[in-house]
Amino acid sequence: MTAGAVETPRPDAAPEAARARAQSILAANLRDFLANRLAVGSAAVVLLFAAMAVFAPLIAPHDPYASDLFRRLQPPGWMEGGEWAYPLGCDALGRDILSRAIYGARVSMTIGVAVMLVAAVVGMLAGLAAGYRRGMTDVVIARVVDVLLGFPYLILAIGLMAVMGPGLGNIVLALAIKEWVLPCRVVRAETLAAREMDYVEAARALGASQRHIMLREILPNVLSPLVVVSTFRMATIIIMEASLSFLGLGVQPPVPSWGSMVADGRQFLIGAWWVSTFPGVMILLLVLAINLASQGLRDAFDPRLRR
Amino acid sequence: MTPVALVERLLQLVPVLLGIAAVVFFMMALTPGDPVELMLGDALATPEQKESLRRDMGLDRPAPERFALFLKNAATGEFGMSFHHRRPVGQVILERVPATVELTLASMLIALVLGIGLGVLAAVKRDSWIDRVATVTSLVGVSMPGFWFGILLILLFAVALGVLPVSGRIGYAGEVPFVTRFLLVDTLIAGRVDSFLDALRHLLLPAVTLGLAMAAFLMRVTRASMLEALAQDYVTFAEAKGISRARVLFRHALKNALIPTVTVAAIETGTLLGGNMIVETVFGWPGLGRLVVEGIFTRNYPLVQACVLLYAVTYVLLNFCADLLYAALNPRVRL
Amino acid sequence: MTAPLLAIRDLRTWFHTRQGVVKAVDGVDLDVMPGECLGVVGESGSGKSVTFLSVLGLVKPPGRVEAGRVIFGGRDLAKLPPDELRALRGRDIAITLQDALTALNPALRVEEQIVETILAHDRDLPPGRGRSAAARAKALEMLRLVGIPDAERRMHDYPHQFSGGMRQRVMITIALACRPKLLIADEPTTALDVTVQAQVLALIARMRRALGMSVVLISHNLGVVARYCDRIALMYAGQVVETGPTRAVIAAPYHPYTQGLLRSMPLLSDPDRPIQPIDGQVPDLIDLEPECRFLPRCPRAAEICRQPVPLLPMGDARLAAVDPAADSNEGARISARLAAVDPAADPNEGARISARLAAVDPAADPNEGARISARLARCVRAAA
């Protein structure tokens, strides 16, 4: 461990010490993470997907919406009847699957990041409040959490999408409504531990406000676990979005989403396997990369889980 | 566990169940449009008829009263009419439940056997090729969207190899009269072995698809907790006693390793229940999950509401059972 | 001269970690005589527990027994097939671990944990239906023998329902269930309250007499060992540095580590004596130089200590890994001691005389040593 973790801060230096401690731990954790080649490689793949989403118009060889009925269900480039201008073939409307798959990253990444951020912020605030203030706040939040945990994730999301109707914003809402629970639990547990620490006691003794203590003293120390759990959940969020889109409850056509692309190809499994297959490969690659990267993050940032 | 403790523990479920009912109730309040119009659908009705229907449904009452009515109806299984089916919602659901239960139980069986079995094997043969293959497979398993995996299975076993059916519960030739609506049971009651095998063949792909994600997750948890158990002093001490290796592994290590696994398995049944919708859609399985998805597209809100509530309550009760099992496995826990 | 019950020769158990090879046990020689109580003393990390886990074949990866022989009942346990070694564990050699709370399985009833041991080994059990009932009766008998009150009822309890001392007794019951010839008690008192410690040690001593077994008492507490053991062996950084009859070693330790250890202990008889801790730290067991491992902390370090220091016979059936030449007074003292003892009174005279020879010049003549006494042969081999 770093020296910062063991030093006992002077009361008057408490805020600086807390920050310095958090920073030095973060630096050491970052070094651990960068030493894990598989995790760094996976993180690079995730970034690649992000870049693909941002620069989709520059990368995609064709317009993802342009249909050409002469190319209906055209096979991939290497197969008979295929051409390399459309390397992964075309769908039932003759649209280029590769281009749509590239554009599909936009929906997945947008929703993945948006839900993750909303959940992290809401979960963090709720967790801080529950863990630091205890009492009624804690009880109320715990009840809400219990109720939300009583719903299977996809069921709740489907139910909400059913009544709210499709749309990007609604997907984010339908997923975030349960997604904040896990960050909240993690932050609450960390806060409970942190509030007993010397530097928090010291700040309290010095008359610091509750808000100051929560945001300036405790928050830096719950950030690492929060980051770990949030990145870890992004994989699930992306699968959830794809599932909703697959069921036709997510992003609406013609916007390309991997989940709905797989659904599109379902009718053509006999004869045109590529329509469903390639968008699924994209989901698998991205989710696998996120899982591996977040596993590396967890190993580096959460020493309790280290083997 | 004493009966008193059991009752206490059951009472703790009440606020959670009430909360769930409230969420489902308000979820429906979010429904766009007038529920009466939705119920009537295309049917023509005079304003007076609509008004009377509104009164019959209790829609003119204040919200708390409507919630109380909803609770009472929910407790008696009364969810109104499914307009689409022209029959009570409860009845429609009940018909579909056996198919889903059959599928879910089969998946759970696959998940438990595969997940725990491979997890134990990987832990015992740590760092061997079995461990590596199992670990990589499980990582891919948790990263794979279920609907896509199902489609890959169809492509491989139904389209390319042609050894398993694409969809449905049973072929025309194998159909038997419904008794329990569990086809594996009904075919046997009818004494049709060929039908039974056909039903089994239809069940295989959906059950594997649904069970895989849970199996992958369980495998990881089992492996980790088994490794932890194997590193404990009590395993060393058990080995020092000179008892058989099987006894050390399965009686001493596994019993402890199962304790965290049970909890995770219970939580993961949520994936199984949610996965119903996906897998039943992919494989055309006539169960509850497909009913919900169809219900959404036909705007059959009472049906969707009832199903969501049913799934959530089932999930809570499953977790409750897991708590009991947890206590049974772990003598240090007293409920 | 009777043959030892257990003879450990040049045992090496290494742990292959990512940081390097940790030589936790590196060339240990030990004898346990029939019926005796041998105390093995050392700091944590000195390799005393690993030594005896190696004897039982219980070292887990990344640890591995690299070399050495473990002779028990005429067989080399290090070369025994796993099944035969398993059959021997719990029946002939039993072990108790430091903390009964972690050594007993929390999820199984005490009854099962005792009975399974008996069922695994006891050949006197009647076949068929009465088998488990007979095993259960034997378990109950042993529980009563170690002094668990209300044993009949308490058998059905789980380990966490027992107090610390009772738990330790349960563990001892399991170890003794098949009346082993050798009990290895690994830190039997460390996890216990002081008042219970004495009870447990007395229990082990009583059971040793009752069952006529040998006991190896592993402890970091020289005081505990001094009180209960016939002989002691001191371990430092994976090696034995000194062995001998308890009384003699404590009265006049040869090895500077033993001396330091004794000086660092408070004495009831002389509470005002200043306590001198040993300076420095136990060395990192990775990438050790082939020199005396105590060298960095040794007050008598000399140039010759840069070479491997073997265990040398010091007379009185004692061995120590010191170079007598490094300290002329020490050499003189050995001679003095030898001279002071009437050779005729000592049955091991031959060994002693050659030992003295070896102590003066270990390289003198290995053949001669082997001819005169087995013990000398060992010491010369260790020197090689």
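The values are calculated or read from the model by the stated rules, or taken from the named source; none is laboratory data. Not measured: the values here are computed from a predicted model. Heads up, the Cβs are rebuilt from the backbone with ideal geometry, glycines too, and the neighbour counts pull from every protein chain shown. Each accessible area value is taken on the protein alone, full model and side chains, heavy atoms only, with ligands, DNA and RNA left out. Shrake-Rupley method; radii C 1.70, N 1.55, O 1.52, S 1.80 Å.
Among residues belonging to the range B:287-329 that are over 15 Å from B:Ser82 (Cβ atoms) and touching a Lys or Arg at 6+ places or on another chain (Cβ under 9 Å), point out the one that is surrounded by the fewest Cβ atoms within 10 Å (Cβ to Cβ). So the residue we want is B:Leu324.
Rundown of residues vs (1) in contact (Cβ under 8 Å) with a residue 60 or more places away in the chain; (2) closer than 25 Å to A:Ser245 by Cα; (3) outside any helix (DSSP H, G or I); (4) more than 14 Å from chain A (Cβ to nearest Cβ), yes/no style:
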{"residue": "B:Leu103", "(1), (2), (3), (4)": "yes, yes, no, yes"}
{"residue": "B:Leu118", "(1), (2), (3), (4)": "yes, no, no, yes"}
{"residue": "B:Asp127", "(1), (2), (3), (4)": "no, no, yes, no"}
{"residue": "B:Val136", "(1), (2), (3), (4)": "no, no, no, no"}
{"residue": "B:Val140", "(1), (2), (3), (4)": "yes, yes, no, no"}
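Of the residues making up the range B:166-192, those that are among the aliphatic types (A, V, I, L, M) and either assigned to a loop (DSSP other than H, G, I, E, B) or over 20 Å from B:Ala207 (Cβ atoms) (or both) are B:Val166, B:Ile170, B:Ala173, B:Val176, B:Val179, B:Ile189, B:Ala190. Counting only residues that are surrounded by fewer than 14 Cβ atoms within 10 Å (Cβ to Cβ) and within 19 Å of A:Phe268 (Cβ to Cβ), the range A:42-82 holds 6 of them.
For A:Glu201, are the conditions met, namely being acidic (Asp, Glu), without any contact (Cβ under 8 Å) to a residue 12 or more places away in the chain, part of a helix (DSSP H, G or I) and surrounded by fewer than 19 Cβ atoms within 10 Å (Cβ to Cβ)? Against the criterion (acidic (Asp, Glu), without any contact (Cβ under 8 Å) to a residue 12 or more places away in the chain, part of a helix (DSSP H, G or I) and surrounded by fewer than 19 Cβ atoms within 10 Å (Cβ to Cβ)), A:Glu201 qualifies. Of the residues making up the range C:184-227, just one is open to solvent by less than 50 Å² (accessible area, probe 1.4 Å) and on the phi > 0 side of the Ramachandran plot, namely C:Glu187. Criterion applied to B:Leu204, B:Leu254 was being closer than 18 Å to B:Ile116 by Cβ and either within 14 Å of chain C (Cβ to nearest Cβ) or assigned to a helix (DSSP H, G or I) (or both), and the one residue passing it is B:Leu254. When the range A:163-175 is filtered for residues that are open to solvent by 10 Å² or more (accessible area, probe 1.4 Å) and assigned to a helix (DSSP H, G or I), the ones remaining, listed by number, are A:Met164, A:Leu168, A:Gly169, A:Asn170, A:Val172, A:Leu173. Restricted to the range C:126-152, and to residues there that are of a type outside the set (A, V, I, L, M) and part of a helix (DSSP H, G or I), the residue that is least open to solvent (accessible area, probe 1.4 Å) is C:Gly130.
Pairs meeting the criteria (first residue in the range B:15-30 and over 14 Å from A:Val144 (Cα atoms) and outside the structural domain of B:Leu310 (by TED's automatic domain parsing), second residue surrounded by fewer than 19 Cβ atoms within 10 Å (Cβ to Cβ) and among the charged types (D, E, K, R), beta carbons under 8 Å, at least 6 apart or on different chains) are B:Phe25/B:Arg66. For B:Val248, the conditions (1) more than 8 Å from chain A (Cβ to nearest Cβ); (2) surrounded by 20 or more Cβ atoms within 10 Å (Cβ to Cβ); (3) in contact (Cβ under 8 Å) with a residue 24 or more places away in the chain all hold with the exception of (3). From the list C:Pro34, C:Pro4, C:Pro81, the lone residue that is of a type outside the set (Ser, Thr, Tyr) and exposed (fewer than 14 other Cβ atoms within 10 Å of the Cβ) is C:Pro81. Between B:Arg66, B:Arg54, the distinction of being at pLDDT below 75 and assigned to a helix (DSSP H, G or I) belongs to B:Arg54 only. Scanning the range B:219-237 for residues that are in a helix (DSSP H, G or I), more than 7 Å from chain C (Cβ to nearest Cβ) and not basic (Lys, Arg) gives B:Met219, B:Val221, B:Thr222, B:Ala224, B:Ser225, B:Met226, B:Leu227, B:Glu228, B:Ala229, B:Leu230, B:Val235. Scanning the range A:204-214 for residues that are closer than 14 Å to A:Ala129 by Cβ and in contact (Cβ under 8 Å) with a residue 60 or more places away in the chain yields A:Gln210, A:Ile213, A:Met214.
Of all residues in the range A:252-274, those that are in contact (Cβ under 8 Å) with a residue 60 or more places away in the chain, under 18 Å from B:Thr281 (Cα atoms) and of a type outside the set (S, T, N, Q) total 5.
One residue stands out among those in the range A:241-273 that are more than 23 Å from the chain's Cα centre (by Cα) and open to solvent by less than 10 Å² (accessible area, probe 1.4 Å): the one that is nearest to the other protein chains (Cβ to nearest Cβ), which is A:Gly265. The combined condition, being at the interface with chain B (Cβ under 10 Å from one of its Cβ atoms), open to solvent by less than 30 Å² (accessible area, probe 1.4 Å), part of a helix (DSSP H, G or I) and at pLDDT 85 or above, is not fulfilled by A:Ile237. B:Val92 meets each of the listed conditions (1) of a type in the set (A, V, I, L, M, F, W, C); (2) touching a Ser or Thr at 6+ places or on another chain (Cβ under 7 Å); (3) without any contact (Cβ under 8 Å) to a residue 12 or more places away in the chain apart from (3). Is it the case that some residue within the range C:21-30 is of a type in the set (D, E, K, R), at negative phi and under 14 Å from the mean Cα position of the chain (by Cα)? Scanning the range C:21-30, I find at least one residue that is of a type in the set (D, E, K, R), at negative phi and under 14 Å from the mean Cα position of the chain (by Cα), so the answer is yes. Put simply, of B:Ile93, B:Ile110 the only residue that is open to solvent by 30 Å² or more (accessible area, probe 1.4 Å), out of contact with any Lys or Arg (no Cβ under 6 Å at 6 or more places or on another chain) and assigned to a helix (DSSP H, G or I) is B:Ile110.
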